Amino acid sequence: MELSSEDNNLTEKVLPPIEQESDVELETTVKKYLRGEGADLETLKDKKLKTQLASREKLYGKSAKTAAKIEKWLLPAEAGYLETDGLEKTWRVKQTDIANEVDLLSSRNQYDIVLPDFGPYKLDFTASGRHMIAGGRKGHLALVDMMSMNLIKEIQVKETVRDVAFLHNEQFFAAAQKKYAYIYGRDGTELHCLKERGPVSRLRFLKNHFLLASVNKSGQLHYQDVTYGGMVASIRTGKGRTDVMEVNPYNGVVALGHTGGTVTMWKPTSQAPLVQMQCHPGPVSSVAFHPNGHLMATSGKERKLKIWDLRKFEEVQTIHGFHAKTLSFSQKGLLAAGTGSFVQILGDSSGGSSSHNYSRYMNHSMVKGYQIEKLMFRPYEDVIGIGHSMGWSSILIPGSGEPNFDSWVANPFETSKQRREKEVHLLLDKLPPETIMLDPSKIGAMKPSRRKEKQSREEIEAEKEVAIEAAKSTELKKKTKGRNKPSKRTKKKKEMVENAKRTFPEQGHNNTASKKRRIGEDAAAELPASLKRFARKN
Amino acid sequence: MVGEKRRSTSKNLAKNKKRKGPHLPNSILKTIANEKRPLNSDEEDDEIDSDDANVDLYEYEEGVPEEESRKNNRYDPVVNYDYELPEDFEDENVESDDDDEGGNSDNEEGEGDVVRHTRMLQAVTGMPSAAFDGESKRKPVLFTEAYPESEFNPTRDVLEGKGLLTIDDFMAPIEGKPGFNDLQKRISRMQKDTQAVVHAPLPKPERERLERKAVKGLVDKEFNKWVHMVKRNREAPTVYFNQNVSLGYSTVGAIASEFQPRTDFEKKMASVLNDNELGEAHDEDGAKLLELNEVSVEDHIKYRDHIAKMRSLLFRHELKSKRIKKIKSKTYHRLKGKDLKKSAMGALMDPEMAKEEAMKQEARRVEERMTLKHKNTGKWAKRMISRGLNVKYDGTRAAISEQLQINATLSRKMNSTNDGSSSDESDDEEELNDGSDQDTPSKLIAKAREKTLKTVEDDEVPNSGLLSLPFMARAMKKKNEEAIEEAKRALEEYEEWENSGGEENSKKTADVSGRRVFGATAKVEAPKESRKDSDNFYDNSDSDNDMEGIENNDLRAVRDTASPVRNTGAITETEKFDDDIENPASKTTFDVALFASGSWKKMKGCQNAETKKKTKKHVPYSKSQDKKESRDEESEDSESEAEQMVDGILTSASKETYEIPSQAELIQRAFAGDDVVDEFEKEKQEVLNQEVPEPEKPVLVPGWGQWTNIQKKRGLPSWMVREHEDAKKKRTLDLKTRKDARLRHVIISEKVDKKAEKLHTTTLPFPYTSKEVFEHSMRMPIGPEFNPATIVGSLNRPEVVKKAGVIIKPLKFEEANPNEKVDDEHPRSNQKQNPKKGGKTGKGQRKGKSKQKTKA
């Protein structure tokens, strides 16, 4: 699967393991698994809670350490890499050079499939990277098993196909066709026609939420729950037509790139965008998200590629003179950009997590005239799939894929039984659409304080009660003889209570009910005389 | 006691004096006082009152200073003796008889008192009465005070705090008396013994406090022993109660093996079961078992009797049923029938019965519908109705309506019968055919047509009201047009049906074996036909039958011609489609190309001419470095595209993949960069204004505060201005604290998502007091997906782990081990038990706890 073991004799070398380095490495992985710092327990006054939290924290530490150790020692495969010595540069290494060095299985992943007639191809891989769906613009849909290179099903829909996307597994895929989007089964049968969305230009599937997100030609964003078919949200973006759409895998937020150079981020539960960023002065041509959700790459038509930190919404890096029609992040964080017939892979050379410095890692030129339509790294493989105007190709990019798959997450070697089991589990673990938010780690935390909080009915009631109580319990001054009569005093008190009540406006359904009635009466009055008797009387 | 006595006597005396003394003129009193003064000149002033008391004189009572009167000098021996007058002393100056008398009588009384007093003293001290004689002989010494001494009127010594009584105080008055020395000795001995003065006991609250303090010390000591255990339990993430607990028996066999028969029955059973004889019989031979299985005579008789009884019962029952069968009374049968019906309701559940019932019902219904017995067709009913009596009399009307009701119920269709699915249809048909012949459908259609025509014709526009408004009228018109259109369509459809019906009819007459053609298939084609003569509809509505034949023929012809065409079309289409599918497969070449940037080598595979051409075509271009825009992704003229595609299979080789972007696209791209940043800023401002709205400008209600020029000049009241400014300040602050305050290129919406609110807590859960700590504690997932399997267990362990059925015993004391640390890996059990093999449950040593369960 990986390149490293085979590649070391020519261009690559394996570094001897150094003790200290490994310690540092272990620490960093431990940190990763700790998911942030523990709370400062010294501030706590409750001793019981303190000790309990301390023990909990200890357990977390232990868990993280074990996980780090497992990652270090027990995981079966290591990530591949390219390493050059001296003046050699990694981007000078060509696919032919790599092909000479890799094992047979890996070398099978270098190929071109030439399908000149059905026009530029869109690609999508399943989460496990086992299956690929290729959608040619001119209606050719092909479902391919990438492990055995078997063509599972091929259909010709005889319509423009603008995008393809897998649903939760390879059993279903959606295609955005000329007029509507359709969902097909694995055997090519049309299962659903999604008419409500209109002519869809981009399709993406949110696999944790089971939402099929799409943006149509009039710039409307639709979220449809594929479990029961309900349209969860239909949002007018109001930014015109777009065909740049990507999902942040970390939080499920959908990003759209617009012609005005803005990137907007959306969630299904709000009609307004969560974030709008002015990324480029010209139209945004593509957007991609790092799998950890912190980085976003955008490219504009003004030939600039920008990398953004989504935690601060700041630009981290700008790469000039580069316009990418399609962008893709690999699982390990390599960034692929495709323009014309040229693919460039950028790697994060800084290594550290805080500062990012993407620079050239590998290049690949296709045959001139092949127009790249879509780049997508194949999960769990050091392979990138290229959909272009003459079919699709696949090349090797060492160090792009996650070397070890987690069968809890995705299993390329899944049996059908496992797949069924997984499907049920996925459905049980389905997240409701409101869990999509910019920072999902805030779920379960305290409610963020609102600036101007509108009081709820109960609160108003309670306040009113308090005010009335206060009015009742006020001591009246002793007045002169004539004014101190008990009757006067009670009257005065009543008045005070009434005043206290009056400060709280009467709310409730009485008002609305009366309004409704009035509306009904009006309607009755406006009707022609013959129809008046049919007007609703209440 | 002594003092009290005295005081009381003195009081008496004073009373007597006051009561009995004659009233003297003031001058005389004065002279008396003057004469008395020299007599007492050597005495101190203090003793005046005692003097007063002793001397039986009428004299002016001087106001005595309070402190002096209150002074308690009863125990001063000097006072007692110094001012004691000799017994023979008599006052010369004053003589009074009546006073003497009173004094004597008093003295006698005092005498008796004294005797008793000495007796008491004797009893108390145990000394001879002689010791007290002197005192008794002496005149009683009186010490007077303004008020009697009591807790409300304490003496000054008491008040000043030096009023400790010593034994000496008590001893002093009896000094020198016989027996005094003896007493003195005894007392000194006693003093030596105790060595100290016995102080008054402490006040109760203080005493109790001390007591509590002492007790607390003890209890603390006792309780502190437990502290470490309680602490450990409180802080433990999990408390275990299940370690090494054996619940006793594990199998049924084990339980059975220890069974001992206890009750009589059990014992009997055991004796039978364990009978040797039986066992042997079983083992040896079955024959012996038969012997043992003998039936006793009594049992046999019992059985016989039972059978006889049952037989006689049966016989009687038969007799009874025979008799009932013979009964001819109608009422009896009616009642019986009712009962049966009631029971039948239950029996309806039985499908057979239900079916039968349904059949009956159906029969009744049919009968009803045939005879129309209850539809007021009878003679009586007709007469009633014709004469209008049904209106006149309520009773008649009720009877008639009842009849109708019965009719309705009887003729109502039964829906519940399951096997009526076919009968439903037949019913419908029946109804349709009811009293009509074959061409009913055509009639129906004619009716429908008539109705639609009517609706089409009467589209009146009201002249007044809301609907007469021009736009309303327009809308109405539009609607009407639509309706007419629809109606026309409907008419055509009717026509269609009619035709088909006619056709069918004609078919029936002409050739039975012919092809059946239904309207639905001809739907698409037919309208064209019928539209032609749609104008004729209005005229020809009566003479349809004449038209039918012709139309039918026409239609049939059309259909016959149309269907093959369509078929061929479909066939061609499908063929093409097949081609489409096949062709790509043939063209798909799995070529492994090792491509350097310039070269394009084909390894192998079936190469088509087209692809070859293409590659050749591309080679020359490959070096050029132009990074032109690729062809555009969207081209809307998809029809042509589709056409091209269909043809493309044949012709695509020559087709260039580059496409010039459409005009709209070009324009969009060209002007895209215009002022984007400014626009964005504007948008941001808008969003900000929406989310943090600007405060409203304060305005005065017109006419208010503008009466005079001065008021106008003054402008808005200061409080309004202040309020406005505050709101403005708040807004700026809000804007500054926004997340996107410093990011010019970003708008971050701060709208609260109400749907997501349920995912947050509104209050901190109980033990937490700070938000940070809570949120930090929530950061780690604890599920099996996120943690190594070795840790998941301890991360998710419940607070209390126990086995079902384990008795949780109270906490037992355990020595503290200062070096012990709570270890989560090796759960320490709170209940230790010696595992006993097959032993009883309760006996193991347990260390349990009950109250100190930890709670998070």
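The values are calculated or read from the model by the stated rules, or taken from the named source; none is laboratory data. Bear in mind that the values here come from a model prediction, so they are computed numbers and not experimental data. Using ideal geometry, Cβ is built from the backbone for each residue, glycine included, and neighbour counts are taken over all protein chains shown. Remember, those area values only see protein heavy atoms, side chains included, never the ligands or the DNA or RNA. Shrake-Rupley method; radii C 1.70, N 1.55, O 1.52, S 1.80 Å.
The table below gives the values:
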item	result
Any hit, region A:391-402, residues being surrounded by fewer than 23 Cβ atoms within 10 Å (Cβ to Cβ) and within 23 Å of the chain's Cα centre (by Cα)	yes
Restricting region A:138-158 to residues that are more than 8 Å from chain B (Cβ to nearest Cβ) and in contact (Cβ under 8 Å) with a residue 40 or more places away in the chain, the residue that is most open to solvent (accessible area, probe 1.4 Å)	A:147
Residue in region B:263-278 that is surrounded by 13 or more Cβ atoms within 10 Å (Cβ to Cβ) and either closer than 30 Å to residue A:51 by Cα or in contact with a Gly (Cβ under 9 Å, 6 or more places away or on another chain) (or both) present	no
Single residue of region A:224-234 satisfying the filter (open to solvent by less than 30 Å² (accessible area, probe 1.4 Å) and part of a strand (DSSP E or B)) that is farthest from the other protein chains (Cβ to nearest Cβ)	A:224
Residue in region A:324-337 that is open to solvent by 20 Å² or more (accessible area, probe 1.4 Å), farther than 26 Å from residue A:79 by Cα and either more than 13 Å from chain B (Cβ to nearest Cβ) or in a loop (DSSP other than H, G, I, E, B) (or both) present	yes
Region B:666-676, residues that are modelled with pLDDT of 75 or more and open to solvent by less than 80 Å² (accessible area, probe 1.4 Å)	B:666, B:676
Top-ranked residue in region A:127-137 [being more than 14 Å from chain B (Cβ to nearest Cβ) and open to solvent by less than 10 Å² (accessible area, probe 1.4 Å); ranked as farthest from residue A:382 (Cα to Cα)]	A:133
Of all residues making up region A:111-125, the number that are within 7 Å of chain B (Cβ to nearest Cβ), part of a loop (DSSP other than H, G, I, E, B) and within 31 Å of the chain's Cα centre (by Cα)	1
Selection within region B:747-768 - among the hydroxyl-bearing types (Ser, Thr, Tyr), facing another protein chain (nearest Cβ under 7 Å) and surrounded by fewer than 17 Cβ atoms within 10 Å (Cβ to Cβ)	B:761, B:762
Region A:94-110 - residue that is in a loop (DSSP other than H, G, I, E, B) and more than 12 Å from chain B (Cβ to nearest Cβ) and, of those, surrounded by the most Cβ atoms within 10 Å (Cβ to Cβ)	A:102
Residue that is facing chain B (nearest Cβ under 7 Å) and within 16 Å of residue B:778 (Cα to Cα), where the choices are A:41, A:49	A:49
Residues satisfying the stated conditions in region A:235-294, i.e. more than 9 Å from chain B (Cβ to nearest Cβ), at positive phi and either surrounded by 23 or more Cβ atoms within 10 Å (Cβ to Cβ) or within 15 Å of the chain's Cα centre (by Cα) (or both)	A:252, A:293
Test: residue in region B:212-229 that is polar (S, T, N, Q) and over 44 Å from the mean Cα position of the chain (by Cα)	no
Which numbered condition residue A:299 fails, given (1) open to solvent by less than 10 Å² (accessible area, probe 1.4 Å); (2) not in a strand (DSSP E or B)	(2)
Considering residues of region B:689-722 that are among the polar types (S, T, N, Q) and open to solvent by 90 Å² or more (accessible area, probe 1.4 Å) only, the residue farthest from residue B:751 (Cα to Cα)	B:709
Residues of region B:279-297 that turn out to be loosely packed, with under 10 Cβ neighbours inside 10 Å, among the acidic types (Asp, Glu) and not in a helix (DSSP H, G or I), as a count	1
Given (1) within 32 Å of the chain's Cα centre (by Cα); (2) at pLDDT below 85; (3) in a helix (DSSP H, G or I); (4) of a type outside the set (D, E, K, R), index of the condition residue A:30 fails	(2)
Residue A:208, sole failed condition from (1) without any contact (Cβ under 8 Å) to a residue 60 or more places away in the chain; (2) surrounded by fewer than 21 Cβ atoms within 10 Å (Cβ to Cβ); (3) closer than 26 Å to residue A:286 by Cβ	(1)
Residue match in region A:67-80 (condition: within 9 Å of chain B (Cβ to nearest Cβ) and touching a residue at least 24 places away in the same chain (Cβ under 8 Å))	yes
Tally, over region A:159-186, of residues that are within 18 Å of residue A:144 (Cβ to Cβ), within 14 Å of another protein chain (Cβ to nearest Cβ) and assigned to a loop (DSSP other than H, G, I, E, B)	0
Residue list for region B:732-758, filter: assigned to a helix (DSSP H, G or I) and within 30 Å of residue A:281 (Cα to Cα)	B:732, B:734, B:735, B:736, B:737
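Yes/no per residue for (1) within 11 Å of chain B (Cβ to nearest Cβ); (2) closer than 30 Å to residue A:229 by Cβ; (3) assigned to a loop (DSSP other than H, G, I, E, B); (4) open to solvent by 80 Å² or more (accessible area, probe 1.4 Å):
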{"position": "A:420", "(1), (2), (3), (4)": "no, yes, no, yes"}
{"position": "A:425", "(1), (2), (3), (4)": "yes, yes, no, yes"}
{"position": "A:431", "(1), (2), (3), (4)": "yes, yes, yes, no"}
{"position": "A:437", "(1), (2), (3), (4)": "yes, yes, yes, no"}
{"position": "A:462", "(1), (2), (3), (4)": "no, no, no, no"}
{"position": "A:468", "(1), (2), (3), (4)": "no, no, no, no"}
{"position": "A:475", "(1), (2), (3), (4)": "no, no, yes, yes"}
{"position": "A:479", "(1), (2), (3), (4)": "no, no, yes, yes"}
{"position": "A:482", "(1), (2), (3), (4)": "no, no, no, no"}
